[in-house]
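> Provided herewith is a single structure, encoded as structure tokens, for subsequent inquiry.
The values are calculated or read from the model by the stated rules, or taken from the named source; none is laboratory data. Given the structure is predicted, the values throughout are model-derived calculations rather than measurements. Glycine gets a Cβ as well: all are built from the backbone with ideal geometry, and neighbour counts include every protein chain shown. Just so you know, the surface numbers come from the protein's heavy atoms only, side chains and all, with ligands and any DNA or RNA stripped out. Shrake-Rupley method; radii C 1.70, N 1.55, O 1.52, S 1.80 Å.
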Amino acid sequence: MSISLSMYPASVPVFIHTLQNLVHVLKKGEAHAVAHGYAPEALLQARLAPDMLPLARQVQIATDMVKNGSARLAGIEPPRFDDDETAFDELYARVERAIAFMRSVQPEQVDGGEDRDITLNFGKERLEYKGQAYLLDFVLPNLFFHVGIAYAILRQSGVRLGKLDYMGAGIER
């Protein structure tokens with residue numbers, strides 16, 4: 001038997017859960033650096049490849065994706081975050097601000113927005129979506145990409161992480 005899934009439970013709770021998982025992974029990374037005698041902030045500049053963005057930027061993009069995504073899906077203005085975090089504590093605070101904002105978004109603001117027009121401007125590039133396509137084809141893939149890259153950067157840096165760390169086993173929704 002299948003059930004209908006509305007826009008809110010397919011978005012905001014998933015966004016929050018994923019950011020909570022990201023914090024868990026980041027904390028394991030920070031603890032790894034301390035245990036191995038180097039400054040945790042060194043991990044924030046680690047990259048998978050020279051042409052990829054560093055860990056701190058992956059976290060910034062993931063939080064921007066979901067706070068902006070939540071706001072656009074709700075038809076409200078997103079809060080602006082400066083991208084100036086240089087320490088783990090600052091990244092944790094950023095994630096908490098994003099989660100707090102998303103918790104302020106009510107289901108009735110998002111549900112029924114499947115056909116809401118959403119336009120994104122990236123310089124000369126313009127992307128136009130309906131709400132459901134924006135969620136499924138833009139926000140969720142971008143969120144999982146950037147969180148996955150953050151996980152991979154930490155894993156490549158020697159942090160002992162497993163699939164359950166990424167999936168968030170035991171983290172309450």
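> Residues Glu77, Glu41: which one is open to solvent by 20 Å² or more (accessible area, probe 1.4 Å), farther than 22 Å from Leu135 by Cβ and either touching a helix residue (DSSP H, G or I) at 6+ places or on another chain (Cβ under 9 Å) or in contact (Cβ under 8 Å) with a residue 24 or more places away in the chain (or both)? Break it down stepwise before answering.
On the way: Glu77 fails: farther than 22 Å from Leu135 by Cβ.
Answer to the selection: Glu41.
> Name the single residue that is most open to solvent (accessible area, probe 1.4 Å) among those in region 51-72 being farther than 23 Å from Asp111 by Cβ and over 10 Å from the mean Cα position of the chain (by Cα).
Asp51
> Tally up the residues in region 35-57 that are of a type in the set (Asp, Glu) and closer than 17 Å to Gly148 by Cα, please.
1
> I'd like to know if region 5-16 contains one or more residues that are open to solvent by 80 Å² or more (accessible area, probe 1.4 Å) and more than 19 Å from Leu161 (Cβ to Cβ).
Checked region 5-16: at least one residue is open to solvent by 80 Å² or more (accessible area, probe 1.4 Å) and more than 19 Å from Leu161 (Cβ to Cβ).
> For region 89-173, please list each of the helices (runs of 4 or more DSSP H) lying entirely inside it that holds at least 2 residues being surrounded by 15 or more Cβ atoms within 10 Å (Cβ to Cβ) and out of contact with any Lys or Arg (no Cβ under 7 Å at 6 or more places or on another chain). Steps first, please.
Details: elements: 107-110, 140-156, 163-167.
By residue number, 107-110, 140-156.
> Would a scan of region 6-24 turn up a residue that is part of a loop (DSSP other than H, G, I, E, B), at pLDDT below 95 and either under 25 Å from Leu136 (Cβ atoms) or not β-branched (Val, Ile, Thr) (or both)?
Checking region 6-24: at least one residue is part of a loop (DSSP other than H, G, I, E, B), at pLDDT below 95 and either under 25 Å from Leu136 (Cβ atoms) or not β-branched (Val, Ile, Thr) (or both).
> With the condition kept exactly as written, say whether any residue in region 107-117 is at pLDDT 95 or above, among the hydrophobic types (A, V, I, L, M, F, W, C) and touching a His at 6+ places or on another chain (Cβ under 7 Å).
No, region 107-117 contains no residue that is at pLDDT 95 or above, among the hydrophobic types (A, V, I, L, M, F, W, C) and touching a His at 6+ places or on another chain (Cβ under 7 Å).
> May I pose another question? Any residue in region 41-52 that is of a type outside the set (Ser, Thr, Tyr), part of a helix (DSSP H, G or I) and touching a Gly at 6+ places or on another chain (Cβ under 8 Å)?
yes
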